[in-house]
Amino acid sequence: MSEKKNIYSLNIKEMRKLLRDFSGTLYGRTVFFLAYFVPMMAFLVMLGLVVAAIVVPEYNLFYPILGTFFLFVAVFILGNIYYYHELRIFVEKK
């Protein structure tokens, strides 16, 4: 009886190989793009707001920066959940 593979039983070496295999596929690259594009954009907007707050201190940008930070954290967590969910499916189908 063969045991199904899952990502939870892999050691670090096997996990790295699996991530390389997954990122080598078109589907893996697409999932990576979809999972991390929005968090990257939120992070860049947050950096832009921080720079604007430093350059033009008269503008009170504390709340937009804080809101963008929380948006970044939320979409980053959701992106990670999506990416590793798809990775788990990739391993199970392999």
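For semi-axes √(5λ) of the Cα gyration tensor in Å, the value calculated from this model appears in (i) 56, 25, 8; (ii) 57, 10, 8; (iii) 38, 12, 10 under label (iii).
Could you please report the charge total around A35, scoring K, R as +1 and D, E as -1 over all other residues with beta-carbon less than 14 angstrom from its beta-carbon? Overall, the nearby charge balance is +1. If R0 is 41 Å, the Cβ-Cβ spacing of H85 and L47 corresponds to a FRET efficiency of close to 0.90. For a label point 7 angstrom out from the Cα of N6 toward its Cβ, which stretches of segment 52-94 have the backbone nitrogen within less than 19 Å? Output list for this probe position: 81-94. Axis angle, to the nearest 10 degrees, between helix 26-55 and the longest C-alpha principal axis of the chain: 20 degrees.
Peptides 13-24, 41-52, ordered by how many other C-beta atoms sit within 10 Å of their residues on average, highest first, read 41-52, 13-24.
Each label point was placed 7 Å from the Cα along the Cα-to-Cβ direction; for L19 and L66 their separation is 3.4 nm.
Readers should treat all values here as calculations from the given coordinates under stated rules, not as data from a laboratory. Small disclaimer: the values here were computed from a predicted structure and weren't measured. Positions of Cβ are backbone-derived with ideal geometry, glycine not excepted, and every protein chain shown enters the neighbour counts.
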